[in-house]
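**Student:** Just dropping this structure here.
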Amino acid sequence: MATKKSKNIPQPQRSKIGFDDIVGHKQIKKRLKSIIRIIKHPETLKRFEIATPRGLLIYGPESVGKSMLARAFVKEAGLSYLEISGSKLFEITYIKDIYEMAARHEPCVVILEDLDIKGLLQGTFTNVSFSDIAKVMESVEAMVFTVATATSLEEIDPVLTAPQKLDFLIEVSRLDKEARRFFIERILEKPHDPQINVDRIVSYITGMSALDLERLGRMAALDAVEQEKERITEEILIEQINIIKYGHKIESQMIRNPEEELEMTAYHEAAHAVLSTILLPHIKIEQVTVAPRSKTLGFVSYNAEDQISNVTKEEIFNDVCVSLAGRIARIKKAGSEKMDSGAVDDLSLASFQVYAAISNLGMDKELGFINIDPVAAMDNSFLTPQIEKRYLHWLDVAKKHTENLVDRYWNKIEALALKLIEKEIVESEELPGIIGKEEIYIKIPDSI
């Protein structure tokens, strides 16, 4: 880490951003308010015989509001702050000077912005010196509270998350529904069709960052001007969302046999959608499309808010079947000689899920409750033949099970495929009329 003497140390400043200026993140703001109460009233900790916390880490993907939350924390705490960011995080002398300045103005906050940044030092990319920063934090006896931000918790050395350093770890995973609605309503301050379904658009932008949504507003307005329309329409918004997520549409001249490819893609995506609706009804489909784009020739778009982190064996197996359904439907429609590379992502996902279920999640009927990872570090061949056998068995059973389901629900798959060929996009509200609303439970095969 660089040790040159730093000059022009800034004076502490006051934040102008409070919690009321930040849309969404209700639970995170509630947690931050609780932390503020603790550091403002350290006497509440006496009965537990622990020292006052000295810092917190706010981490999560880019453009979800981490920096704003850090500054809002400072304002709500009624404190002043100094900030260290960019290349200054690699200058230990500057960091020391900042903490000394903060100590002279105690109580004070030091914000370490993007603590997991990497810099080019002596020809190689390296992290900031977490251990040096930890020593600086330890050396300050005054009431200086540290608020750090980072993209990934894994990139932060545990030396900084030890007691009396960054005691609190707060994850900001993505923009919540309230924040997304705020961005859409701001976009709709521009001339727009009053019939736009705001809830639908808010659902479609799940998982998009603040930067994505800033771009969405600008690109939607530019698209309206380009099309010589007086206002932004729902169609324009959805198209721009799809561009951000899946890429621009590909001209048909760039596709070999476009009519045949459209038909095959329609059956492929229709099979995904139909089996997903039947096997995974809790995962809502937003749209199914066969419009070829730079990132995909077609896709089924799901509502990311419906995704769950803790999944059952039944859900994993059913998801594998949904992944295999596209290729199987294509083969049923056109024969195995028409098998192509378009299912590569589906096969990759299915293969990964099967391997994880068997070797990591202890879900296989024969191998039982195993997680191979700890053992593999010592013996990478342990149980390899048995895992391979069961792995191939799962995939074979899933393939046959999916073939039976595709045959059973072929009429629904074909009806949706024909609608996709006709319209290019089928929205969520249209699917029940094509696929039906009947709730169907299908037991997974006993042999897995």
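**Student:** Of the residues in the range 203-238, how many are closer than 20 Å to Val426 by Cβ and buried (at least 18 other Cβ atoms within 10 Å of the Cβ)?
**Tutor:** 8
**Student:** Val23 is checked against (1) crowded, with 22+ Cβ neighbours inside 10 Å; (2) of a type in the set (A, V, I, L, M); (3) under 24 Å from the mean Cα position of the chain (by Cα) and fails just one. What number does that condition carry?
**Tutor:** The number of the failed condition is (1).
**Student:** Go through (1) crowded, with 17+ Cβ neighbours inside 10 Å; (2) under 29 Å from the mean Cα position of the chain (by Cα) one by one and return the number of the condition Asp97 breaks.
**Tutor:** Tallying (1) crowded, with 17+ Cβ neighbours inside 10 Å; (2) under 29 Å from the mean Cα position of the chain (by Cα), Asp97 fails exactly one: (2).
**Student:** Just for the range 39-63: of the residues that are surrounded by 15 or more Cβ atoms within 10 Å (Cβ to Cβ) and either among the β-branched types (Val, Ile, Thr) or free of Cβ contacts under 8 Å to residues at least 24 places away in the same chain (or both), which one is farthest from Leu211 (Cα to Cα)?
**Tutor:** Thr52
**Student:** What tally of residues in the range 42-70 results from selecting those that are assigned to a loop (DSSP other than H, G, I, E, B), in contact with an Asp or Glu (Cβ under 8 Å, 6 or more places away or on another chain) and either over 17 Å from Val23 (Cα atoms) or of a type in the set (Ser, Thr, Tyr) (or both)?
**Tutor:** Number of matching residues: 3.
**Student:** Would you confirm whether or not the range 388-400 contains a residue that is surrounded by 13 or more Cβ atoms within 10 Å (Cβ to Cβ) and touching an Asp or Glu at 6+ places or on another chain (Cβ under 6 Å)?
**Tutor:** Checking the range 388-400: at least one residue is surrounded by 13 or more Cβ atoms within 10 Å (Cβ to Cβ) and touching an Asp or Glu at 6+ places or on another chain (Cβ under 6 Å).
One line per residue, one yes/no per condition, for (1) closer than 26 Å to Ile278 by Cα; (2) without any contact (Cβ under 8 Å) to a residue 12 or more places away in the chain; (3) acidic (Asp, Glu):
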| residue | (1), (2), (3) |
| --- | --- |
| Val354 | yes, no, no |
| Pro374 | no, yes, no |
| Ala377 | no, yes, no |
| Pro385 | no, yes, no |
| Trp394 | yes, no, no |
| Lys400 | yes, yes, no |
| Arg408 | yes, yes, no |
| Pro445 | yes, no, no |
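**Student:** Then there's this: Looking at Ala357, Ala376, which one is over 23 Å from Ile285 (Cα atoms), modelled with pLDDT under 95 and surrounded by 13 or more Cβ atoms within 10 Å (Cβ to Cβ)?
**Tutor:** On the way: Ala357 fails: modelled with pLDDT under 95.
Being over 23 Å from Ile285 (Cα atoms), modelled with pLDDT under 95 and surrounded by 13 or more Cβ atoms within 10 Å (Cβ to Cβ) holds for just one of Ala357, Ala376, which is Ala376.
**Student:** So which residues in the range 401-448 are exposed (fewer than 13 other Cβ atoms within 10 Å of the Cβ) and aromatic (Phe, Trp, Tyr)?
**Tutor:** Passing the criteria: only Tyr441.
**Student:** Also, I was wondering about something else. Just give me the residues in the range 419-434 being closer than 17 Å to Pro292 by Cβ and assigned to a helix (DSSP H, G or I), in sequence order.
**Tutor:** Within the range 419-434, Leu420, Ile421, Glu422, Lys423 meet the criteria.
**Student:** Now for a separate question. Output the residues belonging to the range 309-344 that are of a type outside the set (A, V, I, L, M), exposed (fewer than 13 other Cβ atoms within 10 Å of the Cβ) and at negative phi.
**Tutor:** Within the range 309-344, Ser309, Asn310, Thr312, Ser336, Glu337, Lys338, Ser341 qualify.
**Student:** Moving on. On the given criteria, is Lys284 under 20 Å from Ala398 (Cα atoms), at pLDDT 80 or above and basic (Lys, Arg)?
**Tutor:** Against the criterion (under 20 Å from Ala398 (Cα atoms), at pLDDT 80 or above and basic (Lys, Arg)), Lys284 does not qualify.
**Student:** Within the range 23-49, can you find the residues that are at pLDDT below 90 and aliphatic (A, V, I, L, M)?
**Tutor:** If the condition is that a residue be at pLDDT below 90 and aliphatic (A, V, I, L, M), then Val23 is the only one that fits.
**Student:** Which condition from (1) without any contact (Cβ under 8 Å) to a residue 40 or more places away in the chain; (2) of a type in the set (A, V, I, L, M, F, W, C); (3) part of a helix (DSSP H, G or I) is the one that Phe73 breaks?
**Tutor:** Failing condition for Phe73: (1).
**Student:** List the residue pairs whose Cβ atoms are under 6 Å apart, where the first residue sits in the range 107-120 and is within 15 Å of Gly55 (Cα to Cα) and modelled with pLDDT under 95, the second is among the acidic types (Asp, Glu) and outside any strand (DSSP E or B), and the two are 6 or more positions apart or on different chains.
**Tutor:** Within 6 Å, no pair qualifies.
The values are calculated or read from the model by the stated rules, or taken from the named source; none is laboratory data. All figures in this text were calculated on a predicted structure; none of them were measured in a lab. Counting neighbours? That spans all protein chains shown, and the Cβs are built from the backbone with ideal geometry, glycine included.
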